[in-house]
1. Limited to region 285-305, what total is found for residues that are outside any loop (DSSP other than H, G, I, E, B), open to solvent by 10 Å² or more (accessible area, probe 1.4 Å) and without any contact (Cβ under 8 Å) to a residue 60 or more places away in the chain?
2. Can you pull out every residue in region 244-265 that is in contact with a Leu (Cβ under 6 Å, 6 or more places away or on another chain) and β-branched (Val, Ile, Thr)?
3. Only one of (1) more than 16 Å from ligand 1 (Cβ to nearest atom); (2) in the same structural domain as residue 286 (by TED's automatic domain parsing); (3) among the basic types (Lys, Arg) is not met by residue 204, so which one is it?
4. Kindly indicate whether any position in region 205-219 is touching a Phe, Trp or Tyr at 6+ places or on another chain (Cβ under 7 Å) and assigned to a loop (DSSP other than H, G, I, E, B).
5. Quick one: which residue in 313, 206, 282, 308 is open to solvent by 40 Å² or more (accessible area, probe 1.4 Å), at pLDDT 95 or above, closer than 28 Å to residue 51 by Cα and more than 17 Å from the chain's Cα centre (by Cα)?
6. Considering only region 76-115, how many residues are over 23 Å from residue 137 (Cα atoms), without any contact (Cβ under 8 Å) to a residue 60 or more places away in the chain and of a type in the set (A, V, I, L, M, F, W, C)?
7. Within region 51-168, which strands (runs of 3 or more DSSP E) (wholly inside it) include 3 or more residues that are under 18 Å from residue 253 (Cβ atoms) and in contact with a helix residue (DSSP H, G or I) (Cβ under 8 Å, 6 or more places away or on another chain)?
8. How many residues does region 105-150 contain that are away from ligand 2 (no atom under 12 Å from the Cβ), surrounded by 24 or more Cβ atoms within 10 Å (Cβ to Cβ) and over 16 Å from residue 169 (Cβ atoms)?
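The values are calculated or read from the model by the stated rules, or taken from the named source; none is laboratory data. All values reported here derive from a predicted model rather than from experimental measurement. With ideal geometry, Cβ positions are generated from the backbone for all residues, glycine too; neighbour counts draw on all protein chains shown. All accessible areas refer to the heavy atoms of the entire protein, side chains included, with ligands and DNA or RNA removed. Shrake-Rupley method; radii C 1.70, N 1.55, O 1.52, S 1.80 Å.
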Amino acid sequence: MTYWAEREERAMKSSEGAGRSALSADRDGEKAELNIVPAGDPWKECMETAVQLALRAGQVIKKALTEEKRVSTKTSVVDLVTETDHLVEELIISALREKFPSHKFIGEESTSAGSKCVLSDSPTWIIDPIDGTCNFVHRFPTVAVSIGFAVNQELEFGVIYHCTNGNMYTGRKGHGAFCNQERLHVTQETGIRNAFILTEIGPKRDPATLKLFLGNMEKMLQFQAHGIRVIGSSTLALCHIASGAADAYYQYGLHCWDLAAATVIIREAGGVVIDTTGGPLDLMSCRVIAAGTMELAQSIAQMLQTIDYGRDDEN
Ligand SMILES: O=P(O)(O)O[C@H]1[C@H](O)[C@@H](O)[C@H](O)[C@H](O)[C@@H]1O
Ligand SMILES: [Mg+2]
Ligand SMILES: [Mg+2]
């Protein structure tokens, strides 16, 4: 059992059930003996709370994975959402609002319900309650909860919890990135040839989009990339870049709540996260390239045909 799974079990035993916020687990003496949050960190308490809430959310998601689900669709017939997505987002945001009433929140399902997706200078939590909902609906165990945090529009830390294998990925600006207790480092691959590349399909399935998506994959393979994989969770795919399990990731059609936490984790693992044009990352642009090296990221940028998914902050 992983370190975090053991902690999760202890947290569960010290509280009355998954419904209680992680904060009460804290109050029951399950103080997080976290060594991933450096001393004197101004956002220490926030990051510790994020880890506790990710553990709590992970319990709810893991339990619901094999249960019957009520599934509905959002922007397309393959863009799925369940009652657990809503429950988990409400659990996380209500607990954070209670502890940090002046903070702002961007959540995938709140945004989908019409909340404005705007990143101000206020301390802002950027949350994907279940990343990999299509996987979740099909009981495919690659699902995560992602909690990012920004202040003055700068990403400060990220927490991504793999709900079924217990891997807790964390990154704090200027203090490194970890998976459980292990420090993360990206690869040093510089060329597409021999690279192991991850991507995601995105929710559009019209013929023109599919042609562009498959065309981009074809180009990578023509340049003799060793492999391309689509795992159905952009945040966990991005964590694989941070851990060195893959060399690069690109996608059109993800969102700021897929990117926020993972961007800190990759950068703190020594990697780069940029726009698909090769310029600086635009968190709201619904597109990204991440890689262990800037050379590899730029090579991919030169290759890609753009797929337009609009912006998170345009509505
Ligand atoms: O909707 P969730 O939170 O499951 O996020 C997924 C996106 O919906 C996909 O478009 C995208 O392709 C990725 O799979 C991403 O993880
Ligand atoms: Mg989601
Ligand atoms: Mg997502």
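1. Applying the first criterion (outside any loop (DSSP other than H, G, I, E, B)) to region 285-305 yields 287-291, 294-303.
If we keep only those that are open to solvent by 10 Å² or more (accessible area, probe 1.4 Å) as well, we get 287, 294-295, 298-299, 301-303.
This time we only want the ones that are without any contact (Cβ under 8 Å) to a residue 60 or more places away in the chain, so: 287, 294, 298, 301-302.
Adding up the residues that qualify gives 5.
2. Passing the criteria: 263, 264.
3. (1)
4. Let us first name the residues in region 205-219 that are touching a Phe, Trp or Tyr at 6+ places or on another chain (Cβ under 7 Å), namely none.
For region 205-219, residues touching a Phe, Trp or Tyr at 6+ places or on another chain (Cβ under 7 Å) and assigned to a loop (DSSP other than H, G, I, E, B): absent.
5. Values: 206 fails: closer than 28 Å to residue 51 by Cα; 282 fails: more than 17 Å from the chain's Cα centre (by Cα); 308 fails: closer than 28 Å to residue 51 by Cα.
From the options 313, 206, 282, 308, the qualifying one is 313.
6. Number of matching residues: 3.
7. By residue number, 124-131.
8. Selection size over region 105-150: 3.
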